[in-house]
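Undergrad: Here it is, the structure, as structure tokens.
Values quoted throughout were computed directly from the atomic coordinates according to the rules given, and no laboratory measurement underlies them. Everything numeric in this text was worked out from a predicted model, so none of it was measured. Ideal geometry is used to build each Cβ from the backbone, glycine not excepted, and the neighbour counts take in all protein chains shown.
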Amino acid sequence: MEKEIIVNDLVVRFANVNGTGSASANEMFAKSIFRMGIPVTPKNIFPSNIQGLPTWYEVRISEKGHLGRRAGIDILVGVNPQSLKRDIESVSPGGYFVYDSSKKLHEEFIRADINYIGIPMIKLAMKHYPIPRLQQLLKNMIYVGAVATLIDLELDVLKGVIAEQFSAKPKIIPSNYQALELGINYVKENFKYPLNVRIKRCDNNGDSILIDGNTACGLGAIYAGATVMAWYPITPSTSVAKAFESYCKKLRIDEDGKKKYAFVQAEDELAAIGMVIGATWNGARAFTATSGPGVSLMNEFIGLSYFAEIPVVLINVQRGGPSTGMPTRTQQADLISSAYASHGDTKHVLLFPSSPAECFEFTINAFDLADRLQTLVMLISDLDLGMNNHMSPPLAWDDDKKYDLGKVFSAEDLEEMKEDFGRYLDVDGDAIPYRTIPGTHPTKGSFFTRGTSHDEYAKYSELGEVYLRNVDRLSQKWETAKTLVPEPEFYQKDNRSNIGLLFFGTTTYAAVEAMELFEEEGLMIDSIRVRAFPFHEQIGKFIEQHEQIIVVEQNRDAQFRTLLINELELNPSRLISVVNYDGMPITAQAIQSGIKEKLSLGIS
Amino acid sequence: MSYIKPTFHHPSLKPNKVGYLKKDYRGVISTLCAGCGHDSISGAIVQACYEISLEPHKLAKLSGIGCSSKTPTYFLSNSHGFNSVHGRMPSITTGANMANKDLIYLGISGDGDTASIGMGQFVHAIRRNLNMVYIVMNNGCYGLTKGQDSATADFGSVSKEGNANPYQAIDLAGLALELNATFVGRSFSGDKNQLVPMIKAAISHPGFAFLDVISPCVTFNNTKGSTKSYSHVRDHIEVTSSLDYVPFEEEITIDYPEGESAKVELFDGSKIHLSKLAPDWNPTDRFTAVNRLHDAKSKGQILTGLLYINPESKDLHSLMGTSDKPLNQIKQKDLCPGSTKLEEINNEFR
């Protein structure tokens, strides 16, 4: 019987050994599909290791533009003997297992309900290339060529991507092309192609780009005018620093060839945020990037930033916790520890981007908000958003936009002032005082910054009433923050259901798809995507308007739900929680089944 | 005890070259214990800044936590100050320095703040040759928490509680030398004649200038068996050289006898004159300094003076190649690459 032909709706997974150059071959595969106008979502599933452990690269291809992960693997390219058994088990019934047939596959690996496509990858590589490292690298191109042929990927597009990838080393392009052809020809000579799961050019990508969130954050910091970056290496945030530095080398060199930026690899995360605080105190825009363990270490300084009112931008690319946890897996589990980081009464502004375009936009927002509010602003990203490529609207910058550097007195302002300068004096009712930058004026505007209790003139005081005036003003400033942070996004014009779905960050992709799945089943659900903490008043209204709210998030303890209950003083029974916390990005199917289970809707 | 500091000054005290009187360099009244060594160091800082005609707003004073770290309120009220968190003054100073290379950065720390909780940041600031003056007001104990031994307390030193310290001391000057700090000095809060020119020279030095200043704690560590008491330090002090600091373009008015003094020219054209008290003393020779320090220690002496200076010092900005214009003064138009460039970048990802 002929199999049903499925076009532009498949998942291809590559199972590799890390450190063998497979990542770049797999990325070229994904990019080629993207260039054919078909939406793709690649996910790199990698170990905390440099060489020798299993690593997977999963590409979801979805003409409908579903960018979340999807369960079920249609084609698995298994070139890692260590994970062979599990890889074969993971193929969907009716799916394909592409493997290196240089060695015969043992009988225990044979499943009756899947198809086997053996390509003698290493044999072909050894026959054509004398150097072992080359055999290894080009073996990757052999399987890329084979799979490309099997799914009908346009060869010219693939070759174009390869040529661009190696544009700096054009000498190696012909050998890559040749390896590609070896795979292509082997498939053509030995198998029926294309498979029933295949791709076909379409035009669904518009002006989208394929970029990772960390690169977008690094670029955002450059566009926001950050001049000081201090950081300490930690997965999965390191590539924010790397992106910032590499683009600075291109975009931030002055006419004398000198750097219009300082890039400091600190001795630890404590020093990293200390440097940021020192730099912003001294009038530069500065930021750091880290992950959960780094934020834990930064806690003391985070409190200083809050209490002494010093702007800080912190990019928190979350990974699986607690402790060292799963450093190369994704989670949204630093919500409470970020929102209330540090001892004493503290609260911090959090921004939740859900796409690389928003990583860029919100990083810029974070600098404006930090300067405007004179406090710490944390951009809450995660490993999935930060390190994986995502199809995203292009990064956008309006040339008319002016940085909001907040309330800073200039030398002229100070000169004209008749009254004494009060660093923590609320002169205009928004609870945000004016600050001065060291060195501004010879005799006016100097003050003493401290983490100890202080009065309006920055003088030390342990008087109860002085302390209360100060911390109550900080509470009032929090109210001001609510009016300045990005508003939530709604997915319907008017409410049409008594059930509301609430989500944020990378959960968005799967949540939007889950909504569609429900719609196909005839159930309309209203949705809201939260984009910032403190919660905008519209969020409370949306919750009020629905009988049942489902909060979807990627941590065990439903931390976002806790934040909502705590900050909006909600009855907990109104908020149902659907969570996913195994370290893999959440799927629409998981959300759908989670909701059904929780609501016991029994939708057929 | 008076809480208001008198503002009168001696009529003979003239304004300095930038028009400031000495009182313009003072801070609020100290709340440290009467007789605390730290107050003498604050006085030396005021004296040094006044004498070199530094405009107070061109200096930023930063500190960590502890008695020592409270002192920045007691000098230079017209300078911005930052009393940060325990042991983290170096990172704050690093960031501040990155933002504006044109200010002078004066970091004040203590032996607890530096040799224990802040050790990591201290050594890394040295490693980067951050352009700052780093003063440790070293009293060998934790004053604010009532006298526990610190990591610089000498082996066998007896604190007020009467126990001999069983641990080896961390010698911060020795450590700084070991780590290739480009300026290392040690002094005593009670020796203003030595300390004031040393602070001036440290301010002129383009790089990490470290001053370990023994500063007795009158309340908790000035007892008979303490090696950081006034009397012990006075009895065991060994001075390497006496020191004069001559600012750039200033005429040398003192006669330095030929062969008995050494001159070190600093980066900004200022000079240090060292009258040799110790024979064979060359302040630009790190190995001699290390040896002499060990030698003095083994004899129970406290070696003071300018121990080492590297006249070729290149600070962090020079090492990184940052622009001549301070980063905090570069405007949006010179920082933001604009939308056309962004479209090119977008195209890299299509």
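Undergrad: Is there any pair with a first residue in the range A:162-176 that is closer than 19 Å to A:HIS128 by Cα and a second that is surrounded by fewer than 10 Cβ atoms within 10 Å (Cβ to Cβ) whose Cβ atoms are under 9 Å apart and which are 6 or more apart or on different chains, and what are they?
TA: Sorted first by the residue in the range A:162-176, then by its partner, the pairs are A:ILE173/A:SER167.
Undergrad: Return only the number of the condition from (1) surrounded by fewer than 20 Cβ atoms within 10 Å (Cβ to Cβ); (2) under 29 Å from B:CYS336 (Cα atoms); (3) in contact with a His (Cβ under 8 Å, 6 or more places away or on another chain) that A:LYS407 does not satisfy.
TA: For A:LYS407, the exception is condition (3).
Undergrad: Which residues, taken from the range B:296-350, are closer than 24 Å to A:TRP281 by Cβ, surrounded by 21 or more Cβ atoms within 10 Å (Cβ to Cβ) and under 20 Å from the mean Cα position of the chain (by Cα)?
TA: Hits for the range B:296-350 are B:LEU316, B:HIS317.
Undergrad: Give the residue that is nearest to the chain's Cα centre (by Cα), with candidates limited to residues of the range A:368-422 that are closer than 30 Å to A:GLU456 by Cα and among the small types (Gly, Ala, Ser).
TA: Result: A:ALA370.
Undergrad: Would you confirm whether any residue within the range B:170-180 is part of a helix (DSSP H, G or I), acidic (Asp, Glu) and either farther than 18 Å from B:ALA48 by Cβ or in contact with a helix residue (DSSP H, G or I) (Cβ under 6 Å, 6 or more places away or on another chain) (or both)? Let's see the steps before the verdict.
TA: Keep residues of the range B:170-180 that are part of a helix (DSSP H, G or I), which gives B:172-178.
Now drop any that are not acidic (Asp, Glu), which leaves B:178.
Cutting the leftovers down to either farther than 18 Å from B:ALA48 by Cβ or in contact with a helix residue (DSSP H, G or I) (Cβ under 6 Å, 6 or more places away or on another chain) (or both) gives us B:178.
Yes - at least one qualifying residue is present in the range B:170-180.
Undergrad: If we scan the range B:9-24, do we find a residue that is crowded, with 21+ Cβ neighbours inside 10 Å and either farther than 23 Å from B:ASP191 by Cα or within 21 Å of the chain's Cα centre (by Cα) (or both)? Lay out the reasoning, then the answer.
TA: Just the residues of the range B:9-24 that are crowded, with 21+ Cβ neighbours inside 10 Å, to begin with: B:24.
Applying the additional criterion that residues be either farther than 23 Å from B:ASP191 by Cα or within 21 Å of the chain's Cα centre (by Cα) (or both) yields B:24.
Checked against the condition, which is being crowded, with 21+ Cβ neighbours inside 10 Å and either farther than 23 Å from B:ASP191 by Cα or within 21 Å of the chain's Cα centre (by Cα) (or both), the range B:9-24 yields at least one hit.
Undergrad: Right, another one. What pairs come up if the first residue lies in the range B:94-115 and is facing chain A (nearest Cβ under 7 Å), the second is basic (Lys, Arg) and assigned to a loop (DSSP other than H, G, I, E, B), and their beta carbons are under 8 Å apart, counting only those six or more places apart or on different chains?
TA: Filtered contacts from the range B:94-115: B:THR94/B:ARG128.
Undergrad: Evaluate the range A:32-42: report whether one residue or more is touching a strand residue (DSSP E or B) at 6+ places or on another chain (Cβ under 7 Å) and among the charged types (D, E, K, R).
TA: Within the range A:32-42, the subset touching a strand residue (DSSP E or B) at 6+ places or on another chain (Cβ under 7 Å) is A:33-34, A:38-42.
Applying the additional criterion that residues be among the charged types (D, E, K, R) yields none.
Scanning the range A:32-42 turns up no residue that is touching a strand residue (DSSP E or B) at 6+ places or on another chain (Cβ under 7 Å) and among the charged types (D, E, K, R).
Undergrad: Criterion first (more than 14 Å from chain B (Cβ to nearest Cβ) and within 30 Å of B:ASP102 (Cβ to Cβ)) does A:GLU487 satisfy it?
TA: Considered against the rule, which asks whether it is more than 14 Å from chain B (Cβ to nearest Cβ) and within 30 Å of B:ASP102 (Cβ to Cβ), A:GLU487 comes out as no.
Undergrad: While we're here: Give the residues of the range B:43-65 that are within 14 Å of chain A (Cβ to nearest Cβ), in a helix (DSSP H, G or I) and not hydrophobic (A, V, I, L, M, F, W, C), sorted by residue number.
TA: Initial filter on the range B:43-65 (within 14 Å of chain A (Cβ to nearest Cβ)): B:49, B:53-65.
Keeping just the survivors that are in a helix (DSSP H, G or I) gives B:49, B:56-58.
Of everything in the range B:43-65, those that are within 14 Å of chain A (Cβ to nearest Cβ), in a helix (DSSP H, G or I) and not hydrophobic (A, V, I, L, M, F, W, C) turn out to be B:PRO56, B:HIS57, B:LYS58.
Undergrad: Here's another thing I want to ask about it. Find all pairs meeting these conditions: Cβ atoms under 7 angstrom apart; at least six residues apart or on different chains; first residue within the range A:284-295 and assigned to a strand (DSSP E or B); second residue acidic (Asp, Glu).
TA: Hits for this filter: A:THR290/A:GLU269.
Undergrad: Another question about this same structure. Looking only at the range B:66-84, filter to residues that are assigned to a loop (DSSP other than H, G, I, E, B) and surrounded by fewer than 24 Cβ atoms within 10 Å (Cβ to Cβ); which one of those is nearest to the other protein chains (Cβ to nearest Cβ)?
TA: The first filter runs over the range B:66-84 and keeps only residues assigned to a loop (DSSP other than H, G, I, E, B), leaving B:66, B:76-79, B:84.
Next, only the ones that are surrounded by fewer than 24 Cβ atoms within 10 Å (Cβ to Cβ) stay: B:77-78.
On the way: B:SER77: 7, B:ASN78: 5 Å.
Of everything passing the filter in the range B:66-84, B:ASN78 is nearest to the other protein chains (Cβ to nearest Cβ).
Undergrad: Moving on. I'd like to verify a number: residues in the range B:116-146 that are more than 12 Å from chain A (Cβ to nearest Cβ), among the small types (Gly, Ala, Ser) and crowded, with 24+ Cβ neighbours inside 10 Å, how many?
TA: 2
Undergrad: Given the structure, is A:TYR247 closer than 29 Å to A:PRO47 by Cα, within 11 Å of chain B (Cβ to nearest Cβ) and either in contact (Cβ under 8 Å) with a residue 24 or more places away in the chain or among the hydrophobic types (A, V, I, L, M, F, W, C) (or both)? Give the derivation first.
TA: On the way: closer than 29 Å to A:PRO47 by Cα: yes; within 11 Å of chain B (Cβ to nearest Cβ): yes; either in contact (Cβ under 8 Å) with a residue 24 or more places away in the chain or among the hydrophobic types (A, V, I, L, M, F, W, C) (or both): yes.
It is true that A:TYR247 is closer than 29 Å to A:PRO47 by Cα, within 11 Å of chain B (Cβ to nearest Cβ) and either in contact (Cβ under 8 Å) with a residue 24 or more places away in the chain or among the hydrophobic types (A, V, I, L, M, F, W, C) (or both).
Undergrad: For the range A:135-146, enumerate the residues that are buried (at least 24 other Cβ atoms within 10 Å of the Cβ) and not hydroxyl-bearing (Ser, Thr, Tyr). Quick ask: steps written out before the conclusion?
TA: Here is the first cut: in the range A:135-146, the ones buried (at least 24 other Cβ atoms within 10 Å of the Cβ) are A:138-146.
Hits for the range A:135-146 are A:LEU138, A:LYS139, A:ASN140, A:MET141, A:ILE142, A:VAL144, A:GLY145, A:ALA146.
Undergrad: Would you check which residues across the range A:530-579 are of a type in the set (D, E, K, R) and under 22 Å from A:THR480 (Cβ atoms) and list them? It would help to see each step written out before you state the result.
TA: If we filter the range A:530-579 for residues that are of a type in the set (D, E, K, R), which is where we start, we get A:531, A:537, A:541, A:544, A:547, A:553, A:556-557, A:561, A:567, A:569, A:574.
If the condition is that a residue be of a type in the set (D, E, K, R) and under 22 Å from A:THR480 (Cβ atoms), then A:ARG531, A:GLU537, A:LYS541, A:GLU567, A:GLU569 are the ones that fit.
Undergrad: Quickly run through the range B:319-332 and pick out the residues that are more than 8 Å from every other protein chain (Cβ to nearest Cβ) and free of Cβ contacts under 8 Å to residues at least 12 places away in the same chain.
TA: B:LYS331
Undergrad: Search the range A:440-461 for residues being part of a loop (DSSP other than H, G, I, E, B), free of Cβ contacts under 8 Å to residues at least 60 places away in the same chain and at the interface with chain B (Cβ under 8 Å from one of its Cβ atoms), and hand back the single one that is surrounded by the most Cβ atoms within 10 Å (Cβ to Cβ).
TA: Step by step, filter the range A:440-461, then rank; the result is A:SER446.
Undergrad: Give me the residue from the range A:464-499 that is among the charged types (D, E, K, R) and over 23 Å from A:VAL530 (Cβ atoms) and, out of that set, surrounded by the fewest Cβ atoms within 10 Å (Cβ to Cβ). Even if it seems obvious, please write down each step before you answer.
TA: Residues of the range A:464-499 that are among the charged types (D, E, K, R), as a first pass: A:465, A:469, A:472-473, A:477, A:479, A:482, A:487, A:489, A:493-494, A:496.
From what is left, the residues that are over 23 Å from A:VAL530 (Cβ atoms) are A:465, A:469, A:472-473.
Details: A:GLU465: 9, A:ARG469: 15, A:ASP472: 11, A:ARG473: 19.
Ranking the candidates gives A:GLU465 first.
Undergrad: Restrict the check to the range A:515-522 and report whether at least one residue is in contact with a His (Cβ under 8 Å, 6 or more places away or on another chain) and crowded, with 17+ Cβ neighbours inside 10 Å.
TA: No: zero hits.
Undergrad: Is there a residue being at the interface with chain A (Cβ under 8 Å from one of its Cβ atoms) and either touching a residue at least 12 places away in the same chain (Cβ under 8 Å) or under 27 Å from A:ALA279 (Cβ atoms) (or both) anywhere in the range B:305-312? Even if it seems obvious, please write down each step before you answer.
TA: So the first thing to find is which residues in the range B:305-312 are at the interface with chain A (Cβ under 8 Å from one of its Cβ atoms), and the list is none.
The answer is no; no qualifying residue exists.
Undergrad: Further, regarding this structure: With (1) in a loop (DSSP other than H, G, I, E, B); (2) within 25 Å of B:SER318 (Cβ to Cβ) as the list, and B:THR223 as the residue in question, which single condition is left unmet?
TA: Here B:THR223 meets the rest and fails (2).
Undergrad: For the range A:281-337, how many residues meet the condition of being away from every other protein chain (no Cβ under 14 Å) and of a type in the set (D, E, K, R)?
TA: 3
Undergrad: To continue, here is another question. Kindly indicate which of A:ALA230, A:ALA226 is under 30 Å from A:THR324 (Cβ atoms), part of a loop (DSSP other than H, G, I, E, B) and at the interface with chain B (Cβ under 9 Å from one of its Cβ atoms).
TA: Numbers: A:ALA230 fails: part of a loop (DSSP other than H, G, I, E, B).
After applying the criteria, what remains is A:ALA226.
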